[in-house]
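Let me begin by presenting the structure, written as structure tokens, before commenting on it.
The values are calculated or read from the model by the stated rules, or taken from the named source; none is laboratory data. None of these values were measured; they are calculated from a predicted model. Cβ coordinates were reconstructed from backbone atoms using ideal geometry, including for glycine residues, and neighbour counts include every protein chain displayed.
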Amino acid sequence: MPEITHAQARLAVLIDADNAQPSITEGLLAEVAKYGVASVRRIYGDWTTQQLVGWKAMLLEHSIQPVQQFRYTTGKNATDSAMIIDAMDLLYTARFDGFCIVSSDSDFTRLAMRVREEGLTVYGFGERKTPKPFVSACDKFIYTEVLLAEAAGETPGGGGVVTELKRDQKLVNLFRQAIEASSDDGGWAQLGSVGSNIAKQQPDFDPRNYGYRKLGDLVAAIDAFEIDERVLGGGPARAIYVRLRRQHKRPRAERG
């Protein structure tokens with residue numbers, strides 16, 4: 001069976017209207033397009049209330065199907081249940097390669113885990129306040145604040161200062177461990193492999209969270225690693241390799 005590429009991957013996009021803002025729509029769908037084709041686009045909520053008026057203008061423009069779910073009991077979120085039931089129905093059709101769950105609600109943690117158990121990829125989208133269990137249950141989690149910043153033409157994350165990045169020991173260690181896990185005998189690791197390794201450890205990792213659009217730009221800004229750009233196979237294709245910066249020992253005569 002041929003390997004499915006991102007461009008071919010069929011995705012089901014399910015949006016919790018109670019826990020997402022209409023302003024993210026364009027950025028959301030542009031981000032989803034990086035990972036595949038949004039074959040299904042559904043949004044769940046009680047459309048009889050005024051709370052979701054802002055979403056209505058977005059539905060026709062972006063071909064998003066609204067799913068009505070009345071609030072039968074005050075204090076209970078029937079929307080979550082309807083969205084989870086639909087997700088399982090779609091899962092059992094075996095027509096999809098992945099799911100995009102748009103919500104900041106931890107109630108979808110078990111759904112994300114269940115979908116991944118079937119071997120499908122789960123992309124989560126939510127605000128930075130999203131509980132860690134839901135974030136960790138996804139293969140990749142994108143913060144909607146990043147999408148809003150990009151839509152406004154701003155630098156995602158506000159831009160990272162080099163000295164601050166070098167002092168971020170957690171970030172530096174994350175790169176160090178990923179490089180060591182992916183490196184060859186010379187200590188060099190292809191940047192793409194490093195990024196994949198980091199994503200497995202930390203689903204919400206995104207260079208845009210630090211103010212950089214590309215992983216290579218973030219690595220260069222940290223200024224703690226050696227970088228080598230190589231031509232592949234004698235053609236135009238290039239790949240970036242990184243390794244831990246090696247400390248040069250002083251000659252014995254120069255030591256105090």
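Within the range 69-104, count every residue that is among the polar types (S, T, N, Q), over 24 Å from residue 144 (Cβ atoms) and at pLDDT 90 or above.
Restricting attention to the range 69-104, the residues satisfying the condition of being among the polar types (S, T, N, Q) are 69, 73-74, 77, 79, 81, 93, 103-104.
Checking the rest, the ones that are also over 24 Å from residue 144 (Cβ atoms) come to 73-74, 93.
Imposing the further condition that a residue be at pLDDT 90 or above reduces the set to 93.
Total satisfying the criteria: 1.
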For residue 52, only one of the following conditions fails: (1) modelled with pLDDT of 95 or more; (2) closer than 14 Å to residue 19 by Cα; (3) in contact with a strand residue (DSSP E or B) (Cβ under 7 Å, 6 or more places away or on another chain). What is its number? (1)
Output the number of the condition that residue 127 fails; it satisfies all remaining conditions of (1) within 16 Å of residue 11 (Cα to Cα); (2) out of contact with any Lys or Arg (no Cβ under 6 Å at 6 or more places or on another chain). (1)
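Per-residue answers, yes or no, for (1) at pLDDT 80 or above; (2) closer than 30 Å to residue 145 by Cα:
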residue	(1), (2)
212	yes, yes
215	yes, yes
220	yes, yes
225	yes, yes
230	yes, no
233	no, no
249	no, no
255	no, no
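What are the residues in the range 178-216 that are aliphatic (A, V, I, L, M) and either in a helix (DSSP H, G or I) or free of Cβ contacts under 8 Å to residues at least 12 places away in the same chain (or both), if any?
Of the range 178-216, the ones aliphatic (A, V, I, L, M) are 178-179, 181, 189, 191, 194, 198-199, 215.
Matches in the range 178-216: 178, 179, 181, 191, 194, 198, 199, 215.
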Looking at the range 20-67, which of its residues are of a type outside the set (S, T, N, Q) and assigned to a strand (DSSP E or B)? 37, 38, 40, 41, 42, 43, 44, 45, 66, 67
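Yes or no, residue by residue, for (1) in contact (Cβ under 8 Å) with a residue 40 or more places away in the chain; (2) closer than 22 Å to residue 121 by Cβ; (3) in contact with a Leu (Cβ under 7 Å, 6 or more places away or on another chain):
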| position | (1), (2), (3) |
| --- | --- |
| 17 | yes, no, yes |
| 33 | no, yes, no |
| 50 | no, no, no |
| 53 | no, no, no |
| 87 | yes, yes, yes |
